[in-house]
Amino acid sequence: MPASSSASSSTDTFASFAEHVDYSLLETLHPDPESTATGDDHRARQVTSGHYVPVTPTPLAAPQYVAHSDSLFSELGLSHELVVDDSFQRLFSGDISVSREPMRPYGWATGYALSIYGTEYDQQCPFGNGNGYGDGRAISVFEGLFQGRRWEMQLKGGGPTPYCRGADGRAVLRSSVREFLAQEFMHALGVPTSRSLTLYVSHDENVRRPWYSGASQSMDPDILVDNPAAITTRVAPSFLRVGQLELFARRARREAHPKAHQELQMIVQHLIERNYREEIEPSLPFTEQILKLAALFRGRLTALVADWIRVGYCQGNFNSDNCAAGGFTLDYGPFGFCELFDPRFQPWTGGGMHFAFFNQPVAAGRNYQTFASTLKPLLKDQPEAMTRLERLEDGFKAAMQQALDNMWSHKLGLMDHSPELVSELLQLSVDSAADYTMLFRELSAIPEHLAPLKRSFYRPSSDQLDARWMQWLQQWRRQLGQNSDLQEVSSSMLRVNPAVTWREWLIAPAYTQASEGDYSLVHELQKVFSKPYDSLPRDLAARYDQRKPEQFFNAGGISHYSCSS
């Protein structure tokens, strides 16, 4: 059963939930002119124009409640009992036939383009031209206003769309549990992110995916596994991606159809309305709004990636289509969290070193270049505005470095950035095989000696290494003591260095048990991840505050995994 809450809520019936609907996307953007009015559009096909395709999701067979986000329900003003309301459960397990006025009886999917590390690709499109690439199994079913804020609700695993490229449009329980937990964990960490609303599963509907056998150390999945189908609902102010703008910019540049330039302008205007209107004055000329948008997105993106490194997160596949134009974390597929510190940490077997943990700032720069390129067709006859945009683009690297410098200063409690101190600490972490989260949490107590830090080391230390550590500690403490109260510094460090992290070897049992109908570990992880900066109670710390056991290094599905979901 769902968690209970004493918080009052005005939205306690499906009818009152429906009254929140407000379809800004459907009402202001163009549908695909070849789409159907009913949303019966589930076979792969080319979509050559329009901003979205109306499509109905495919309901799960005999859906069961797994979990919901207590905190998001409270933020939206939703009663926690809604998760077992028949109509609410049916909607968010894929049955949109329960929609009622003023809701519409269909959802929508969107197309987008793909750039990998700044290079345009069409190879993943079945038609070889980019007209078949987009939301293959993500279907938005609701957009509305809650507590004065606009939110879009999207089913992940909602069935096939015209962009499904021949697949079944489903998501497995394993990946759905991961995404559901990760989004709310990132939110609790203070990292901008899409959110999780609900998670439902069908034990009557299975889908087959490649995965890893029990003790496999293979890089690629070595068996086919039947998985329960599941739908998790992710929520965000919008799901507009850099790749989405990129699709319309490509069409505008090549004049793909008569409305191509207009559709690009409309999607940029819609992005401003959905994600930036509080910061961009609507009375500004549109050119000035575009330049303000470019500056704001740069600020959000650099801050986001610095936050990722602060908490040990690696996106794994930071293509333009996985980069939210609103500047938050999106698409939890091949992600992971760094345990044993390694700047080259990359959990996804389909990725490369260009998307590794410490390469994310450069990957972000490539996505920003792609973003800037989407705006240039709107400024092509305005050389002064184009120059200002190019200056923002050229300044990304410096802005990114400034965000990283500030982040490291906060993690170490420093008033000013000290690149030598940070560089030596990271080298010591590599030499000692330190656990990234445990090390910085221990440093937050500002120890005088090395002993507390050694609990984070995966290998025994040498006298020479101990001496280097002591030299670093003394230098760091001297720098802290110059103009700081150490107790206040420690308190500030505890607020940015979490006590717990995502450890894949502790998540896997949760989705394994969930596949058998036992959701208790999912709920326990929700509790553990809800306050990640608080020290865990002793019973939970014994499980969740420990280094990765040796048997999970190089284990397929744990230390590395495919994006098979």
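Only the coordinates and a few stated rules stand behind these numbers; no lab work does. None of the values given here were measured: they were computed from a predicted structure. No Cβ is skipped: glycine too gets one built from the backbone with ideal geometry, and neighbour counts run over all protein chains shown.
If the viscosity is 0.692 mPa s and the temperature 37 °C, what translational diffusion coefficient in µm²/s does Stokes-Einstein give for the stretch 414-483 when Rh comes from Kirkwood over Cα pairs? Stokes-Einstein gives a translational diffusion coefficient of 266 µm²/s. Assuming charge only on the beta carbon of Lys and Arg (+1) and of Asp and Glu (-1), the dipole of the stretch 14-239 about its Cα centre is about 340 debye to the nearest 20. Of interest is the spacing of the C-alpha centroids, which for the stretch 477-528 and the stretch 355-421 amounts to 28 Å. Amide H contacts for residue 11 (H built 1.01 Å from N in the peptide plane; partners 5 or more residues away or on another chain; cut-off under 5 Å): 79. Extension gain, residue 265 to residue 16, is 86.1 nm, computed as 0.36 nm per intervening residue step minus the present C-alpha separation. Above 19 Å, the calculated P(r) of the stretch 13-62 contains 44 percent of its Cα-Cα pairs.
Cα centroids of the stretch 312-330 and the stretch 170-235: 17 Å apart.
Relative to the Cα centre, the charge distribution of the stretch 288-404, modelled as +1 at Lys and Arg Cβ and -1 at Asp and Glu Cβ, gives a dipole magnitude of about 160 debye. Separation of the alpha carbons by more than 31 angstrom is noted, of 397/527; 397/548; 156/531; 156/397, for 397/527; 397/548; 156/397.
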